[in-house]
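S.K.: Supplied in structure tokens, the structure appears directly below.
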Amino acid sequence: MLLSPFGMHIPDGFLSTAVSVIFWIMSVAAVGLALQRVNKDLGERQVPLMGVLAAAIFAGQMLNFAVAGGTSGHLMGAAIATILLGPWAALLIMTCVVAIQALIFQDGGLLVLGANIFNMGVVGVTVSYFTYQTLRRILGTQRWAVLAAGFAAAWLSIELTALVVALQLAISGSAPVNLAIPAMAGIHAVIGIGEGLITMGSLAFLYATRRDLIETGSAPAPAGRLVWVVGLLLAGGIAVLSPLASANPDGLEWVAEQNGFLKLAQNPSYNLIPDYVLPGVSNEALATILAGVIGALIVAGAAFGIAYLRRRSSGD
Amino acid sequence: MHHTIEIDNLHYAYPDGHSALYGVSLHIEACEKVALVGPNGAGKSTLMLHLNGILSSSQGKLRVAGLDLIPANFGKIRSRVGLVFQSPDDQLFSPTVYDDVAFGPLYQGLSVAEVRQRVEEALALVHMSDYARRVSHHLSVGEKKRIAIASVLSMKPEVLVLDEPTAGLDPRARRSLIKLLDELSMTMLVSTHDLHMVRELFPRMIVMDQGLVVADGPTSLLMEDEALLAAHGLEKP
Amino acid sequence: MHVHFLDPYQDGSSPLHRLDARVKLLLTVAFILVTALTPIGAWPVYILLFALVIAAQLLAELGLGYVLKRSALALPFVLSAAPLLFSVAGDALLTLPGLGWVLSVQGLERFLSLSIKSWISVQAAILMSATATFPDLLQAMRALRVPRLLVAIFSLMWRYLFVLVDEALRLMRARLARSGESGLAGGKTGGSLIWRAQTAGGMAGSLFLRGFERADRIYTAMLSRGYDGEVRSFPLPPLSAADRIALAVGGGVLGLILLLNFLIR
């Protein structure tokens with residue numbers, strides 16, 4: 001399926017017009033809010049800083065490392081941008097990166113740009129932010145805490161973005177729902193490990209060279225604990241809902257009809273969640289398997305990270 | 001063990017069509033120290049990037065450290081040819097000095113003990129043994145350049161290729177780098193604008209201009225040829 | 001080092017080049033929108049749309065092969081729609097032996113429609129990026145009321161894009177130069193996967209760090225030239241008569257096709 005090493009850029013034609021418009025609206029709202037907040041927080045330095053870092057993220061996406069048999073891993077960057085600059089600036093940066101990729105390099109479509117910005121910008125940054133903040137609060141201020149939190153933020157940002165992409169494709173009828181979700185979730189569970197490792201590597205480098213840069217970005221918002229809880233719930237909600245979506249496409253369709261989604265795009269040739277599935281694959285079994293796979297990978301990833309860190313600190 | 005560089009009629013054009021090398025030929029013997037001089041844009045860096053397979057050309061013969069420059073040999077060649085770029089910031093990408101110097105041997109798959117030994121030897125060669133735990137980014141330009149050289153020496157290359165080693169250094173750092181290059185015994189090809197250093201360290205000098213070798217001979221002789229120097233944008237030191 | 005191959009703009013003076021970037025952007029997006037609104041299996045409309053985009057390419061005087069060649073790069077994504085062939089219920093065309101999956105006519109129709117629409121859309125986007133310089137597109141964005149702050153960030157990003165991509169490529173070269181084989185038996189070349197990922201991470205960190213420091217220097221330079229945090233720019237020039245005509249004609253044609261879409265249903 002979507003194996004683009006540079007992320008999950010959806011091209012034009014793969015999302016229904018309704019979905020494209022809805023996500024455009026959400027992205028515009030989020031970016032508008034971010035512009036206001038950045039003005040307040042960063043002050044005058046904002047333009048050069050965000051411009052250059054957007055370029056750095058773009059260039060950073062070109063860095064690769066050999067994985068196996070000719071394939072290579074890359075960075076998406078939402079997590080590291082969020083950790084370094086905070087969520088609002090990071091959202092603007094990812095917006096610029098995704099927009100330039102679409103406008104100039106046709107990596108991702110123009111009509112679906114709103115959705116791509118939402119996926120890699122809003123979802124990527126939000127998930128990174130809440131994960132990182134929560135874990136830092138729980139784990140503390142030492143180096144290993146920074147790295148572990150960074151890994152988790154990066155992995156989750158990739159995984160949840162992938163799930164949202166799968167949902168968008170399924171709703172648009174561009175992919176059978178019970179293949180899109182497990183395929184995207186499965187593949188990006190692995191790709192997410194790469195993102196986690198690269199993010200950890202960046203944090204390790206920056207921790208050694210300019211620790212202050214890591215600390216400035218992570219100043220927690222004045223909002224209380226409630227925000228973290230809500231954020232985590234939201235993130236967890238998406239992760240949980242998607243298997244449900246694949247298990248019960250009728251349910252989502254019912255919800256969509258209730259909310260008048262169907263009134264937007266007059267395209268009677270396909271329903272909101274198309275009723276077709278790959279033959280021979282039962283939805284219930286898939287949902288369970290999917291949850292199991294994701295769960296196992298989360299545990300494995302955490303174990304990986306901790307084992308590595310232990311080895312590092314006892315090595316030299 | 002060959003320790004040699006053999007280039008015959010090398011042509012190279014960039015992907016966008018713009019030609020950089022028009023048939024370069026030169027031979028460097030084991031343990032020779034050769035300076036490569038010429039104006040910016042002459043093709044010096046382009047030539048150097050061929051020596052470890054980063055750039056490839058289909059026209060001309062290229063043989064370094066006894067191996068032909070074909071993709072199958074690139075891995076071995078990169079162990080035998082140490083290429084040090086002009087900007088140390090592009091080469092020091094690990095958190096500590098130790099990590100940067102260890103990269104080469106680690107990539108080769110050497111054991112932890114061997115890697116440690118290589119790093120210690122390399123740092124000793126550049127007189128920076130105390131710097132292992134330091135953060136590369138915080139060092140001065142001169143120190144970074146020496147670490148960059150160490151990061152290549154740790155692979156125990158037969159041939160050392162350096163791109164503008166003294167560029168951007170203050171007199172003290174420059175002096176210390178020249179002393180270092182003097183102490184290293186391997187075959188050396190150094191591209192530079194620093195003609196004082198050339199006269200001091202390099203018995204042989206190759207002049208390049210517009211993608212061609214225009215002169216190749218003893219430094220003492222070529223340095224006296226003011227017309228030649230002037231014709232290629234060089235000033236007699 | 002030259003990274004200018006990254007810039008897709010193809011210099012020229014064709015009618016399309018001379019068209020104002022605002023009109024180009026509007027028409028391109030309108031075209032893609034109309035394509036998106038075209039129903040599955042509306043082959044005659046696809047032909048019309050394809051003809052339109054080919055006509056535009058001819059107007060751009062880039063040589064017909066140019067856009068088509070670049071559009072081929074976007075095609076691999078189309079493969080991800082392949083499962084549609086088997087998942088849409090309908091009249092069977094053929095059955096895969098072993099798996100028992102049935103390729104239906106409707107599935108084929110859907111897959112082809114999606115692929116064609118996607119392909120046509122990407123050609124329009126390529127054409128726009130080939131005939132409009134990025135600074136012109138920035139102007140177009142301003143005209144579309146994109147906030148000035150965002151446009152300023154875009155502008156700076158574009159300026160330093162090539163510089164930083166250059167740095168990234170040099171980092172990778174430096175790594176490549178030190179990626180040698182020892183030639184000895186035993187010992188795994190390449191180190192562990194985790195180590196390689198960490199190294200790539202360090203390179204990224206180095207890029208970001210230098211980005212921060214460069215941003216400081218840029219900010220200082222901007223201050224020295226009077227920057228006070230307010231982004232100011234020249235007012236946009238008015239559209240020429242030719243631009244207006246092009247906009248009207250383009251809009252009209254697209255409107256007709258849209259009408260056709262409704263009638264076909």
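S.K.: Among C:Ala200, C:Ala168, which is the only one that is free of Cβ contacts under 8 Å to residues at least 60 places away in the same chain, at the interface with chain A (Cβ under 10 Å from one of its Cβ atoms), touching a strand residue (DSSP E or B) at 6+ places or on another chain (Cβ under 6 Å) and in a helix (DSSP H, G or I)?
M.R.: C:Ala200
S.K.: Still on this structure, I have one more. Residues being within 8 Å of another protein chain (Cβ to nearest Cβ) and closer than 22 Å to C:Val165 by Cα: count how many of those fall in the range B:81-121.
M.R.: 10
S.K.: Please specify each residue of the range B:194-233 satisfying the condition of being in a loop (DSSP other than H, G, I, E, B) and more than 24 Å from B:Ser176 (Cα to Cα).
M.R.: B:Gln210, B:Gly211, B:Asp225, B:His232, B:Gly233
S.K.: Let me ask something additional. Pull up the range C:147-157, narrow it to residues that are free of Cβ contacts under 8 Å to residues at least 40 places away in the same chain and part of a helix (DSSP H, G or I), then point me to the one that is surrounded by the most Cβ atoms within 10 Å (Cβ to Cβ).
M.R.: Of everything passing the filter in the range C:147-157, C:Ile153 is surrounded by the most Cβ atoms within 10 Å (Cβ to Cβ).
S.K.: Give the residues of the range A:147-170 that are of a type in the set (Val, Ile, Thr) and within 14 Å of chain C (Cβ to nearest Cβ), sorted by residue number.
M.R.: The answer is A:Ile158, A:Val165.
S.K.: From the list B:Leu55, B:Leu47, B:Leu69, which residue is within 11 Å of chain C (Cβ to nearest Cβ) and either surrounded by fewer than 20 Cβ atoms within 10 Å (Cβ to Cβ) or not basic (Lys, Arg) (or both)? Please lay out each step first, then the result.
M.R.: On the way: B:Leu47 fails: within 11 Å of chain C (Cβ to nearest Cβ); B:Leu69 fails: within 11 Å of chain C (Cβ to nearest Cβ).
Only one candidate passes the filter, namely B:Leu55.
S.K.: Can you name every one of the strands (runs of 3 or more DSSP E) wholly within the range B:30-133 that holds 2 or more residues which are within 28 Å of B:Ser176 (Cα to Cα)?
M.R.: Strands (runs of 3 or more DSSP E) meeting the threshold: B:33-37, B:81-84.
S.K.: Residue under question is C:Leu156, and the condition is that it be more than 23 Å from A:Pro11 (Cβ to Cβ), modelled with pLDDT of 90 or more and within 23 Å of the chain's Cα centre (by Cα); does it hold?
M.R.: The answer is no for C:Leu156.
S.K.: Moving on. Given B:Leu212, B:Leu221, B:Leu234, which one is at pLDDT below 95 and buried (at least 16 other Cβ atoms within 10 Å of the Cβ)?
M.R.: Being at pLDDT below 95 and buried (at least 16 other Cβ atoms within 10 Å of the Cβ) holds for just one of B:Leu212, B:Leu221, B:Leu234, which is B:Leu234.
S.K.: Among all residue pairs at least 6 apart or on different chains, which show Cβ distances below 8 Å where the first residue, located in the range C:231-256, is within 14 Å of chain A (Cβ to nearest Cβ) and within 30 Å of C:Val45 (Cβ to Cβ) and the second is outside any loop (DSSP other than H, G, I, E, B) and at pLDDT 85 or above?
M.R.: Final answer for the pair search is C:Leu254/C:Leu27; C:Leu254/C:Ala30; C:Leu254/C:Phe31; C:Leu254/C:Val34.
S.K.: Still on this model: Do you know which residues across the range C:216-257 are assigned to a helix (DSSP H, G or I) and crowded, with 16+ Cβ neighbours inside 10 Å?
M.R.: So in the range C:216-257, the residues assigned to a helix (DSSP H, G or I) come out as C:216-224, C:241-257.
C:Ile218, C:Tyr219, C:Met222, C:Asp243, C:Ala246, C:Leu247, C:Gly250, C:Val253, C:Leu254, C:Ile257, listed by residue number.
S.K.: Collect the residues in the range A:27-63 that are within 7 Å of chain C (Cβ to nearest Cβ) and part of a loop (DSSP other than H, G, I, E, B), keeping them in residue-number order.
M.R.: Matches in the range A:27-63: A:Met62, A:Leu63.
S.K.: Given the structure, is B:Lys156 free of Cβ contacts under 8 Å to residues at least 12 places away in the same chain and either surrounded by fewer than 23 Cβ atoms within 10 Å (Cβ to Cβ) or not in a helix (DSSP H, G or I) (or both)?
M.R.: Criteria not met by B:Lys156.
S.K.: Does the range B:172-187 contain any residue that is over 18 Å from B:Asn40 (Cα atoms) and among the acidic types (Asp, Glu)?
M.R.: Scanning the range B:172-187, I find at least one residue that is over 18 Å from B:Asn40 (Cα atoms) and among the acidic types (Asp, Glu), so the answer is yes.
S.K.: Name the residue, out of A:Ala204, A:Ala221, A:Ala235, that is modelled with pLDDT of 90 or more and closer than 20 Å to A:Ile83 by Cβ.
M.R.: Details: A:Ala221 fails: modelled with pLDDT of 90 or more; A:Ala235 fails: modelled with pLDDT of 90 or more.
One residue alone meets the criteria, A:Ala204.
S.K.: State yes or no: is C:Asp20 of a type in the set (Asp, Glu) and either closer than 30 Å to C:Glu167 by Cβ or within 11 Å of another protein chain (Cβ to nearest Cβ) (or both)?
M.R.: No; evaluated as a whole, the condition is false for this residue.
S.K.: In contact (Cβ under 8 Å) with a residue 60 or more places away in the chain and surrounded by 23 or more Cβ atoms within 10 Å (Cβ to Cβ): is that true of B:Ser94 in this structure?
M.R.: Numbers: in contact (Cβ under 8 Å) with a residue 60 or more places away in the chain: no; surrounded by 23 or more Cβ atoms within 10 Å (Cβ to Cβ): yes.
In short, no.
S.K.: Out of A:Thr95, A:Thr82, report the one residue that is touching a residue at least 60 places away in the same chain (Cβ under 8 Å), under 23 Å from A:Leu197 (Cβ atoms) and either assigned to a helix (DSSP H, G or I) or more than 9 Å from chain C (Cβ to nearest Cβ) (or both).
M.R.: From the options A:Thr95, A:Thr82, the qualifying one is A:Thr82.
The values are calculated or read from the model by the stated rules, or taken from the named source; none is laboratory data. Being a predicted model, the structure only gives us computed values, none of them experimental. Virtual Cβ from ideal backbone geometry, glycine too; neighbours counted across all protein chains shown.
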